[in-house]
Amino acid sequence: MSSTTSQTLLTPEAFGHLLAQRILVLDGAMGTMIQSYQLQEEDYRGDEFAHWASDLKGNNDLLALTKPDIILEIHRQYLAAGADILETNSFNATSIAMADYDMSHLSARINRESAALARKACDEFTALTPDKPRYVAGVLGPTNRTASISPDVNDPGYRNVDFDTLVAAYTESTHALIEGGADIIMLETIFDTLNAKAAAFAVLQVFDEIGYKLPVMISGTITDASGRTLSGQTTEAFYNSLAHVEPVTFGLNCALGPDLLRPYVETLSGISECYVSVHPNAGLPNEFGEYDLGAVEMATEIKDWAVQGFLNVVGGCCGTTPEHIKAIATAVAGVKPRQPKAISHQFNLAGLEAFSLEW
């Protein structure tokens, strides 16, 4: 249990039971909403970091400390729109990613405060409608480094991070998210499966240390029309590589809009022995880096996914707003949730492609 809240422990079994009853709604893009406030350098700094040596504008996770009222307001907007699950504002809050701002030492604090803000918002709305409890998903982002790919085209064997360093960073963040009140741990926007394996290893170690398990959600990113993650895996191979973690949900998010993401969602739905989550972008960015897909158009596509039996959790990633989430929540309301595939007991392996051997 969290040391700062008194919420009831959400077990993996209880979360699975909820997902079998109805499609749950995830929130939308935090970054998109933060941009709408047009914050300046001094907003990111606040009083505490007024004299920080490096620029801080763009460090959205830091706003949990310097502008908590804005983060809380955004959370409330998504809950009012119909979200059942809030993601913490901690996507880049690992010590690895925070090193860009010389703030690695603040990682645990940022994760803890981000979770506490989401916890506060969820508790407020749950108190208003106890029959519809809201949940906090503590987000572990992919970091800004990759353990599988060299950042130097002239040195293919070079890596700018190793497995143990990733595990240490994710361990710190996971502890802090739980201390802040997270109900769920979400590994999202995974582009490198080795990074995700480090995160999963860390999360499972933390569960062993604290003596109980929270539900785990895993969500990967198909980066383009090739249908592969950045580290080269197909949807099936990515699933096979991480199914041993026994997540309650396995899903896809970011990079693509619902139209381009659809075939990969269908593929995942067809093979997943756990529940499926999806939170796509609001289309592809235009020449100005903005997202043009409207709420109604996005919800129409997603309703078809729901009717086809692809979904258990659905929300929005880049470019989505409370308007999108409201339309999506309305679209999937009352639609029967997907049921996981029966346990196959196949021997499943994966490199860049999936391989399954029937016994």
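The values are calculated or read from the model by the stated rules, or taken from the named source; none is laboratory data. Keep in mind the model is a prediction, meaning the values are calculated, not measured. Cβ sites come from the backbone with ideal geometry, for glycine too, and all protein chains shown count toward neighbours.
In the range 299-327, what residues are β-branched (Val, Ile, Thr) and in a helix (DSSP H, G or I)? The answer is Thr300, Ile302, Val307, Ile325. Answer yes if at least one residue in the range 199-215 is in contact with a Cys (Cβ under 9 Å, 6 or more places away or on another chain), modelled with pLDDT of 95 or more and among the charged types (D, E, K, R), and no otherwise. Scanning the range 199-215, I find no residue that is in contact with a Cys (Cβ under 9 Å, 6 or more places away or on another chain), modelled with pLDDT of 95 or more and among the charged types (D, E, K, R), so the answer is no.
One line per residue, one yes/no per condition, for (1) part of a loop (DSSP other than H, G, I, E, B); (2) buried (at least 18 other Cβ atoms within 10 Å of the Cβ); (3) touching a Cys at 6+ places or on another chain (Cβ under 8 Å); (4) modelled with pLDDT of 95 or more:
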residue	(1), (2), (3), (4)
Leu10	yes, yes, no, yes
His17	no, no, no, yes
Asp43	no, no, no, yes
Trp52	yes, no, no, yes
Leu63	no, yes, no, yes
Ile71	no, yes, no, yes
Ala80	no, no, no, yes
Asn89	yes, yes, no, yes
Leu117	no, yes, no, yes
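Within the range 215-232, the set of residues being assigned to a loop (DSSP other than H, G, I, E, B) and in contact with a Gly (Cβ under 8 Å, 6 or more places away or on another chain) comprises Pro215, Thr229. Screening Leu252, Leu261, Leu256 for residues that are part of a helix (DSSP H, G or I), touching a residue at least 12 places away in the same chain (Cβ under 8 Å) and under 19 Å from the mean Cα position of the chain (by Cα) leaves exactly one candidate, Leu261.
Once the range 127-178 is narrowed to residues that are of a type in the set (Ser, Thr, Tyr) and in contact with a strand residue (DSSP E or B) (Cβ under 8 Å, 6 or more places away or on another chain), the residue that is nearest to Asn195 (Cα to Cα) is Tyr170.
Condition check ((1) free of Cβ contacts under 8 Å to residues at least 60 places away in the same chain; (2) hydrophobic (A, V, I, L, M, F, W, C)) across all residues:
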site: Asp84; (1), (2): no, no
site: Thr88; (1), (2): no, no
site: Leu106; (1), (2): yes, yes
site: Ala115; (1), (2): no, yes
site: Phe125; (1), (2): yes, yes
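Put simply, of Gly309, Gly334, Gly289 the only residue that is touching a Lys or Arg at 6+ places or on another chain (Cβ under 7 Å), surrounded by fewer than 21 Cβ atoms within 10 Å (Cβ to Cβ) and at positive phi is Gly309.
Of the residues making up the range 8-48, those that are touching a residue at least 40 places away in the same chain (Cβ under 8 Å) and in contact with a helix residue (DSSP H, G or I) (Cβ under 7 Å, 6 or more places away or on another chain) are Ile23, Leu24, Val25, Asp27, Gly28, Met30, Gly31, Met33, Ile34. Of the conditions (1) over 18 Å from the mean Cα position of the chain (by Cα); (2) part of a helix (DSSP H, G or I); (3) farther than 30 Å from Ala168 by Cβ, Met33 fails just one. Which one is it? Exception for Met33: condition (1). The set of residues in the range 91-120 that are more than 12 Å from Thr143 (Cβ to Cβ) and touching a strand residue (DSSP E or B) at 6+ places or on another chain (Cβ under 6 Å) comprises Ala115, Ala118, Arg119. Residues in the range 92-104 that are touching a residue at least 60 places away in the same chain (Cβ under 8 Å) and either closer than 24 Å to Pro133 by Cβ or in contact with a His (Cβ under 9 Å, 6 or more places away or on another chain) (or both): Ser95 alone.
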